[in-house]
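What follows is a short report on a single structure.
The values are calculated or read from the model by the stated rules, or taken from the named source; none is laboratory data. Everything quoted here is computed from the prediction, not taken from an experiment. Every residue, glycine among them, receives a Cβ derived from its backbone with ideal geometry; neighbour counts consider all protein chains shown. The accessibility values were calculated without ligands, DNA or RNA, using every heavy atom of the protein model including side chains. Shrake-Rupley method; radii C 1.70, N 1.55, O 1.52, S 1.80 Å.
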Amino acid sequence: MRTSAELREGFLSFFESKGHKRHPSGSLVPPDWDRSTLLNSAGMQPLMPYFLGREAPPAPLLTTVQKVFRTPDIDEVGLDTFHLTFFEMLGNFSFGRYFKDGAIDLAWEFVFDLMKVDADNFWVTVFAGDPELGLGEDEEAVRLWEAKGMPPERIVRLDRSHNFWSVGGPGPCGPDTELFYDRGEEIGCGRPECAPGCECERFLEFWNLVFMEYELHEDGTVTPLPKQNVDTGMGLERAATILQGVVSTYDTDGYQAIMSWIAEESGVAYGDSEAATKAHRILADHGRGMTFLVGDGVMPSNEGRGYVLRRIIRRAVQQARTIGLSDLWRITDIVVEQMGAWYPELVENRSAISETVKAEEERFSQTLERGLKLFEEVAAKGAVTGEDAFILATTYGFPVELTRELAAGRGLQIDDDELSRLMAEHRDVSRSAEVRVVGDIGGPPTEFAGYEKLEVLTAISAFKPVDERVFQAKLFESPFYPEGGGQVTDQGYIEHEETGARAVLRAADRLGDDQILTFDGEGFAEGDRVRAVVDWRARFPTMANHTATHLLHKALQDVLGDHVRQAGSAVRPDKLRFDFTHGQALTPDERKEVERRVNEKVFENLPVHAFVTPIDEAQKLGAMMLFGEKYGDEVRVVEIPGYSRELCGGTHVRWTAEIGPFVITSESSVGSGARRIEALTAGEAYAFLHGKELEAEELRRETEKLRKQGTKESKAAAAEVTVLDESNGIVTAEVKSVKGSELRDLSDQIRQSKQADAVLLGSVDDGRVYLVVNIDSAKVEQGADAVAIVKKIAGKIDGGGGGRPNLAEAGGKNPDGLAEAYEIGRSEIASAIGS
């Protein structure tokens, strides 16, 4: 065991041999119930429902390689040998089986029998206790380490800040014991007392064994969890430095492949200079981070995790320019090639990843060129004031972090107090249309009447102007649903009872059980009587979509299994999005069955009941609850009798028939272990189906034309074609009982009739499965190769293939592999044709 790949597989295989179930990595994006962090920053974070005893784990013993991202270290990356933002965490987990003794026994065996760590360089730390938590020293861990043969002088007792683990706030927690490797006095601080816990780089902490037996509450107290659990985390990159005998994380094989590409493309090698070393480290780390973030559905933006992505892309672009590297977006392909075997979502989303990073790089390059010129003019004066940084940021879009970093590189400091003051004033006077509530504005709590009423006569109970037209207000009684639970805010307006002036609702923000409304309009003040009106044209389809998500949730469980759980949703007037836990793409039959079951319940016209009940009673009724949601003693249950029962505060239709037709428009991956369905209901579904009907009619007419011509293609043209996906110039379709030249002819007909860049066509005939990849000749001239694509997907149907660059086919004996072949095939085609 020496390479990173061998370490990754060796860890999982070792714990499998010890009875652990191999569990896939969760997405970097936490599910909606986890608001503790923007991005998953620990290996155990996706498993929190199991640790808290709120969900049953898939097995009592698990082992994972979890991708993680830590935002606090962004500015440190590149300045030393070990700071990273993205990395992989190896972990083994026990839910109520073994505890401290088992965890230490397993770690000891792996470290010495498989990693072959030098025992003389091995140290451990244990929890020294904490009076504030009411916990004493972890004497049991000390005893267990000594029983393994650990010299007492290499067992170091450290305080809560070092050896007590929590998620950073309320949640599962417990004392831990950390494993360290002594890398030698020559890289340490030189102090005689230097030991684990010292801030120098001598002692490398590479594995943390957390004895998770408590839950930390908001008041700072801890209480025992239902079971004593074990959560361990070994940083793959750090452990690789030990295996490979290097000091720097960036000297391990996982980074050297990326750095070799950087050196080849830029002509500047790692280590050529201090600036080159810094650039290589930043590009290697941020290149991996940006690839995985986009692969998990994060898009660049100015807030939240989107801002984290934008920040690392822009930081990487700036560093790439310092070593003459352009078109940095190409680095994502290197990451996909290196890590796609372990994280299939990278392969599935390869084209989207590169296109997203490319677009952001192109946007920022213009800003960077202008901003760098202005910065040089400012820095030439010998100082960078807070006002300089403020103007660069607000007028020219030059990030404050980059100004600060460039200034530090020249030994200049920014007046942070002045900068903070100016930024605060700028926020206060901002006329942005995206004003959102940040705190209460006074007034009594609003009574929400939106479940029963769409229009109420009420009065403004609190008022706060934002600018000349925008104001925030509270109403004594409000029909407006505030955004929450995946459902968007209502649309509507208030109308002044005396003057008739209107103000349009811009946002309805939830503030605990209260709400604050943001309006655009003039002529309103506190105490004014108003008529508050919800726009029924937006509310009704939103209600239809919300009720449809409940039907969809239950249908997915019935078809795929009880492991399916909601992992996020977006309920809007125009469509619904539903994220759920499931490890693989739905087959065409599964997708059809889910859609059929939802429509079956719609056509049965079942009543939809909502009622408030004590939470204990809701649990007895078996109502589904979202982990991480904070529920009070009284909860609202939405029930479709005999089928679905969930806790939900959203608005719903009264009868399922009001949903109208339900159509799944797409099903895709949003990361390892999670899928996403987008669907339409009501009028949007009708419009979609009507459009499909027109397309089918057009295809039928073309078929009839060919039949009359008596061409050899007539049999193929008469075949029953089901279009599975039609986007980005690629048509994926399935046809029954057609093969050979007829299937190839049909792929030509579809490509020409749809004016598509490429067609991926599948068919099952007499138990065998056939695939055809048909690519427009213009795309072939640009480098696309149908043969290469069909060979990559032929294995999914247990077969082989070949052909010409514009038309290739494969045959196999595994119809069950069609769904995966379609998904991978679309991704490969998109990458090949630049879609």
- Area projected by the alpha carbon convex hull of segment 159-228, averaged over all directions, nm²: 5.4 nm²
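When ligands, DNA and RNA are left out and all protein chains stay put, how many square angstrom of accessible area per residue does segment 490-574 have with a 1.4 Å probe? Walk me through the numbers on the way to the answer.
Details: 3390 Å² over 85 residues.
Solvent-accessible surface per residue comes out at 40 Å².
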- Normalised by the residues of segment 189-287, what does the relative contact order come to in percent, with Cα pairs under 8 Å and at least six apart? 16 percent
- Just tell me which lysines come within less than 17 Å, Cα to Cα, of LYS373; anything on the same chain fewer than 8 places away is out. LYS381
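Per residue, how much accessible area does segment 601-665 have with a 1.4 Å probe, in Å²?
Numbers: 3160 Å² over 65 residues.
Result: 49 Å² of accessible area for each residue.
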- Message: With +1 on the Cβ of every Lys and Arg and -1 on the Cβ of every Asp and Glu, and nothing else charged, how large is the dipole of the chain about its Cα centre, in debye rounded to the nearest 20?
- Response: 2500 debye
- Query: Toward the positive end of the charge dipole of the chain, about the Cα centre and with charges on Cβ (Lys, Arg +1; Asp, Glu -1), which of ALA794, CYS173, THR81 goes farthest?
  - Reply: ALA794
- Item | Assigned charges on the beta-carbon of Lys, Arg, Asp, Glu; segment 513-623 dipole about Cα centre (debye) | 400 debye
- Query: Which entry in (i) 44, 39, 32; (ii) 78, 30, 28; (iii) 62, 33, 25 is this structure's computed semi-axes √(5λ) of the Cα gyration tensor in Å?
  - Reply: (i)
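Hey, what's segment 321-396 come to in accessible area per residue, 1.4 Å probe, Å²?
Numbers: 3490 Å² over 76 residues.
The answer is 46 Å² per residue.
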- Item | Label point distance in nm, CYS198-VAL247, each placed 7 Å from Cα along Cα→Cβ | 1.4 nm
- Across segment 338-355, in residue order, what do the Karplus-derived ³J(HN,Hα) couplings come to in whole Hz, using 6.51 cos²θ - 1.76 cosθ + 1.60 with θ = phi - 60° and x for Gly and Pro? 6, 10, x, 5, 8, 10, x, 5, 5, 5, 4, 10, 3, 5, 5, 4, 5, 5
- Query: Want the number for GLU405 to ASP766: 0.36 nm per residue separation, take away the alpha-carbon distance, what's left?
  - Reply: 123.4 nm
- Potential extension, HIS563-ASP535 segment - 0.36 nm per residue separation minus Cα distance: 6.3 nm
- Decide, for segment 5-112, between rounded, prolate and oblate: order the square roots of the alpha carbon gyration tensor eigenvalues as a ≥ b ≥ c, take rounded if a/c falls under 1.5, and otherwise choose prolate if a/b is larger than b/c, else oblate. oblate
- Message: Residues of segment 518-534 with backbone nitrogen within less than 15 Å of a virtual label 7 Å along the Cα-to-Cβ line of LYS453, please, listed as ranges.
- Response: 529-534
- Task: Report, by chain and number, residues whose modeled amide H sits under 5 Å from the one on ARG202, excluding near sequence neighbours (fewer than 5 apart, same chain).
- Result: CYS189
- Net charge near ASP514: determine it from the other residues with C-beta under 11 Å of the C-beta of ASP514, scoring Lys and Arg +1 and Asp and Glu -1. -2
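Return one quarter of the surface area of the convex hull spanned by the alpha-carbon atoms of segment 64-203, equal to its mean projected area, in nm². Working shown, then result.
Working: hull surface 40.9 nm².
Mean projected area of the Cα convex hull: 10.2 nm².
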- Query: How large is Rg over Rh for segment 271-320, taking Rg from the Cα atoms and Rh as the Kirkwood inverse mean of 1/r across Cα pairs?
  - Reply: 1.06
- Note on the structure: Quarter of the surface of the C-alpha convex hull for segment 160-287, i.e. direction-averaged projected area in nm², equals 10.5 nm²
- The long-range amide H neighbours of ALA269, using H built 1.01 Å from N in the peptide plane and a cut-off of under 5 Å, are none
- Message: Run the reach check for LYS739 against lysines, Cα to Cα strictly under 22 Å, same-chain hits fewer than 8 apart removed. What comes back?
- Response: LYS705, LYS708, LYS712, LYS715, LYS754, LYS791, LYS792, LYS796, LYS813
- Note on the structure: Under the rule rounded for a/c under 1.5, else prolate if a/b exceeds b/c, else oblate, using alpha carbon gyration tensor axes a ≥ b ≥ c, segment 742-835 is classed as prolate
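Taking a threshold of 21 Å on the Cα-Cα distance, which of the pairs LYS100/LYS148; LYS21/LYS592; LYS575/LYS601; LYS67/LYS592; LYS453/LYS474 fall above it? Please report the intermediate quantities before stating the final value.
On the way: LYS100/LYS148 13 Å; LYS21/LYS592 31 Å; LYS575/LYS601 19 Å; LYS67/LYS592 33 Å; LYS453/LYS474 17 Å.
Correct reply: LYS21/LYS592; LYS67/LYS592.
Relative contact order for the chain: what percent, with Cα pairs under 8 Å and sequence separation of 6 or more?
Values: 1633 pairs, mean separation 63.0, N = 835.
Reported as a whole number, the value is 8 percent.
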- For segment 108-120, Karplus-derived ³J(HN,Hα) couplings (6.51, -1.76, 1.60; θ = phi - 60°; whole Hz; x for glycine and proline) come out as 4, 5, 5, 5, 9, 8, 9, 7, 6, 5, 5, 4, 5
- Item | For segment 460-578, with +1 on Lys and Arg beta carbons and -1 on Asp and Glu, the positive-most of VAL571, GLY523, GLY484 along the dipole | VAL571
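May I ask you to derive the relative contact order of segment 205-246, considering only C-alpha pairs under 8 Å and at least 6 residues apart, and to give it as an integer percent?
Working: 42 pairs, mean separation 18.7, N = 42.
Dividing the mean separation by the residue count of segment 205-246 yields 45 percent.
Near ARG529, within a Cβ-to-Cβ distance under 9 Å, what is the net charge of the other residues, with Lys and Arg +1 and Asp and Glu -1? Write out the running numbers ahead of the final one.
On the way: positive: ARG531; negative: GLU497, GLU498, ASP528.
Net local charge, ARG529 excluded: -2.
Give me the net charge of ARG97's neighbourhood, meaning all other residues with Cβ under 14 Å from the Cβ of ARG97; Lys, Arg count +1, Asp, Glu -1. Intermediate results must be reported in sequence, preceding the final value.
On the way: positive: LYS18, LYS21, LYS100, LYS227; negative: ASP101, ASP105, GLU213, ASP231.
Taking every other residue near ARG97 into account, the sum is 0.
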- Positive-end extreme of charge dipole, segment 293-377 - chosen from GLN338, GLN318, GLY371 (charges on Cβ): GLY371
- Query: In a Debye calculation with equal point scatterers on the alpha-carbon sites of segment 415-570 and no solvent, what is log10 I(q)/I(0) at q = 0.12, 0.13, 0.15, 0.19 Å⁻¹?
  - Reply: -0.61, -0.68, -0.82, -1.12
- Task: Let me know the charge dipole size of segment 529-586 about its Cα centre in debye, to the nearest 20, where only the beta-carbon of Lys, Arg (+1) and Asp, Glu (-1) is charged.
- Result: 460 debye
